[in-house]
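The values are calculated or read from the model by the stated rules, or taken from the named source; none is laboratory data. The structure presented is a predicted model; accordingly, all values stated were derived computationally and were not measured. Virtual Cβ from ideal backbone geometry, glycine too; neighbours counted across all protein chains shown.
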Amino acid sequence: MVAAAKLRKAQEAAEKSRPYSERIDSVIKNLASSMMNVGDTPELLKGNGKTDIFLLVVATADRGLCGGFNTNIVRKANQEILDLEKQGKTVKLFLIGKKGYDQLKRAHANKIVHNVSLKEERKIHSGISQKIGSQITEMFENNEFDICKLIYSEFENVMTQNAISKTIIPASVDLDASSPSPVSDTKLDGSIYSYEPDEVGILRVLLPRNINTQIFTALLENQAGEMGSKMTAMDNATRNAGDMIDKLTLTFNRTRQAQITSELIEIISGAEAL
């Protein structure tokens, strides 16, 4: 019941964050489409030209009792690590959440560069993602990694949460002409956009904010998925406990009845012997 009450708020927060995340992504795409060949394109958009070192930001929960929620995310992270190492890449881990740290440190302790616990936070807020995003951006500027991937659980419904991996550095921008324009719902009538400041100046502000937004959205999705998994796990545990009580009660009654029957037989046999 507690998880169900929290789930409604968490699900609402996750669903409300999605349009903002999608919109900021479309704005970046619109800006990037006009300046991908410009020499001073920010590295957060185009990358640093190398693909040797990968930073995996793995977001899990700080508490258990939520079924296979954390295990599915860790399994996805382990698969990413295995695939990258087969390609000869160096992998570093930036962990968010205690449960992910507890599981991944057993086999990949030497890869962990940062570990952030959210146990003391009463609720997920944008300040958490801003702090984490600033750390990741600073690491990229210091050439500590080349590509950053975010691994978390995308909330679909109470029964289904999908562990996914998405690239956040460099910004994952699909410039396919067939994809919808961020202003496709507006009639431009031949209008031409002019930017103030220029596209580069806007992107230098927008790209770090996009990283913060993607992390914030991932944390909200995780929170909704965790509550959904807890509700399902506790419901299953309650049902299993009820079934076990019924079976034990039946066994107890049968044993008690057998004992009474045995005592009656002994009394009757003794009476007949006299």
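Summary table below
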item	result
Flag for V200 being part of a helix (DSSP H, G or I), of a type in the set (A, V, I, L, M) and more than 25 Å from P19 (Cβ to Cβ)	yes
Region 225-274, residues that are more than 43 Å from the chain's Cα centre (by Cα) and among the hydroxyl-bearing types (S, T, Y)	T251, T255, T261, S262, S269
Subset tally (residues that are more than 30 Å from N236 (Cα to Cα), of a type in the set (D, E, K, R) and modelled with pLDDT of 80 or more) for region 30-63	4
Flag if K247 is touching a residue at least 60 places away in the same chain (Cβ under 8 Å) and basic (K, R)	no
Yes/no for K9 being surrounded by fewer than 20 Cβ atoms within 10 Å (Cβ to Cβ), free of Cβ contacts under 8 Å to residues at least 60 places away in the same chain and part of a helix (DSSP H, G or I)	yes
Any hit, region 64-80, residues being surrounded by fewer than 19 Cβ atoms within 10 Å (Cβ to Cβ), assigned to a strand (DSSP E or B), touching a strand residue (DSSP E or B) at 6+ places or on another chain (Cβ under 7 Å) and at pLDDT 90 or above	no
Test result for M227, at pLDDT 85 or above and either of a type outside the set (S, T, Y) or closer than 30 Å to V74 by Cα (or both)	yes
All positions within region 85-101 that are over 24 Å from N222 (Cα atoms) and not in a loop (DSSP other than H, G, I, E, B)	E85, K86, T90
Subset tally (residues that are in contact (Cβ under 8 Å) with a residue 60 or more places away in the chain and assigned to a strand (DSSP E or B)) for region 135-170	15
Boolean, I53 is out of contact with any Gly (no Cβ under 6 Å at 6 or more places or on another chain), farther than 30 Å from N78 by Cβ, of a type in the set (A, V, I, L, M) and in contact (Cβ under 8 Å) with a residue 40 or more places away in the chain	no
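Okay, residues lined up against (1) at pLDDT 90 or above; (2) exposed (fewer than 15 other Cβ atoms within 10 Å of the Cβ); (3) more than 19 Å from L56 (Cβ to Cβ); (4) not β-branched (V, I, T):
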position: N110; (1), (2), (3), (4): yes, yes, no, yes
position: N115; (1), (2), (3), (4): yes, no, no, yes
position: H125; (1), (2), (3), (4): no, yes, yes, yes
position: M139; (1), (2), (3), (4): yes, no, no, yes
position: N142; (1), (2), (3), (4): yes, yes, no, yes
position: I151; (1), (2), (3), (4): yes, no, no, no
position: N157; (1), (2), (3), (4): no, yes, yes, yes
